[in-house]
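One structure below.
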Amino acid sequence: MQAPGALRFASLGSGSKGNATLVSDGETHVLVDCGFGMRETERRLTQVGLHPRQLEAILVTHEHGDHIGGVGALARRHGLPVYLTPGSWLSGRLGEVPRHHWITPQARFAIKGLEIDPVTVPHDAREPVQFRFRAHGRCLGVLTDLGHPSAHVMEAFHGCDALILECNHDRRMLAEGPYPPRLKRRVGGDWGHLANSQAAQLLKTLGLDRLQRIVCSHLSEHNNRPELVLEALVPLLDGDEARLLVAAQDSGLDWQTVI
Ligand SMILES: [Zn+2]
Ligand SMILES: [Zn+2]
């Protein structure tokens, strides 16, 4: 992948069957989460022009299977270091990896040219974080698996140039959909996932002027539809709809450059 001198990102796929996001400063490429099997991950990486050995590291947000399921195997096969919180590690879902580094929530760290702020989020995992990346003077927020937009989250993700944002479910589809009541309460609760209406409210509060790209992510297969996401968010965009994109479960999203 040739793009020196810019913050870039791509999605290998997003949704409850697997998530993986690439972030790059043009030289250093990191993978945020990997919920796909190894062959599938390798295939999806090839589609965006990368070989696993070109990755510098894998960062883990939390231990749910759609994020951590493929991390251990990929790290072992290609000798990649894994960054995660002690809580995610203690879940025991990673297995042995060649090297791991602790993430301390709210403590900035760097992987070569990429500066990374891990931000604590309300979600029903042991020690979940989401990330804010900075390189070449630009900032990308990665914000999924969010039960509700807490004051801490709103402060931490203020001022991004691009945002990968969870739009998990439409409240009505969730209420009327096939999930058992307990799962409906979990998904729609304060420690579950973000509804389209909450994503819209979050964007309104953060402000949209600076956002070049808004990538709707982690859409539920059963409780959402892309057109409902657009219905919720398009009115906020002042006619500039080209900056709104969707990361799909099957096809992900090709490289985006934050200029
Ligand atoms: Zn998830
Ligand atoms: Zn999760």
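The values are calculated or read from the model by the stated rules, or taken from the named source; none is laboratory data. This structure is a prediction, so every number in the text was calculated from the model and none was measured. Backbone-built Cβ (ideal geometry, glycine too); neighbour counts: all protein chains shown. These accessible areas exclude ligands, DNA and RNA; they are computed on the full protein's heavy atoms, side chains included. Shrake-Rupley method; radii C 1.70, N 1.55, O 1.52, S 1.80 Å.
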Assuming 0.36 nm per residue, please report the length gained on full extension of the stretch R108 to L237 beyond their Cα-Cα distance.
43.3 nm
Taking K184 as the anchor, which aspartates and glutamates have their alpha carbon closer than 12 Å to its alpha carbon, excluding any fewer than eight residues away along the same chain?
D170, E176
Computed, not fitted: 222 nm per-residue ellipticity of the chain from DSSP H runs ≥ 4 (each -39500 (n - 2.57)), nearest 500, equal to -6500 deg cm²/dmol
Two pseudo-spin positions, 7 Å from Cα along C-beta at E27 and at E56, lie apart in nanometres by 0.9
P(r) of the range 14-54 over all Cα-Cα pairs, binned every 5 Å from zero, in whole percent:
6, 22, 36, 24, 10, 2
Which whole-number percent is the relative contact order of the chain (Cα, under 8 Å, 6+ apart)?
20
So for the chain, considering every pair of alpha-carbon atoms, how many percent are separated by more than 28 Å?
26
Using a Cα-Cα cut-off of under 17 Å, which aspartates and glutamates could be cross-linked to K17, ignoring same-chain neighbours fewer than 8 residues away?
D33, E40, E42, E63, D66, D145, E166, E221, D250
Taking 182-188, 245-251 and ranking on average Cβ neighbours within 10 Å, highest first, one gets 245-251, 182-188
Give the carbon-plus-sulfur fraction of the accessible surface of the chain in %, rounded to a whole number; probe 1.4 Å, heavy atoms of protein chains only.
50
Using a simple charge model, +1 on the beta-carbon of Lys and Arg, -1 on the beta-carbon of Asp and Glu, nothing else, what dipole does the chain show about its Cα centre, in debye to the nearest 20?
520
Using the heavy atoms of the protein chains alone and a 1.4 angstrom probe, what is the accessible area of the range 41-105 per residue in square angstrom?
41
Rank-order 235-242, 58-65 by packing density, defined as the average count of other C-beta atoms within 10 Å over each peptide's residues, highest first.
58-65, 235-242
Measure of exposure for E27: accessible area at 1.4 Å probe, Å² rounded to 10, is 140
Out of residues 5 or more away from V32 or on other chains, whose amide H comes under 5 Å of its own, with H placed 1.01 Å from N in the peptide plane?
T21, L22, V23, L59
Length released on extending from R185 to R76, taking residue separation times 0.36 nm less the Cα-Cα span:
35.6 nm
Calculate, for the range 114-259, the solvent-accessible area per residue in square angstrom, rolling a 1.4 angstrom probe over the heavy atoms of the protein chains.
44
Once the piece of chain linking R39 and E221 is laid out straight, how much longer is it, given 0.36 nm per residue of separation minus the C-alpha distance between them?
63.2 nm
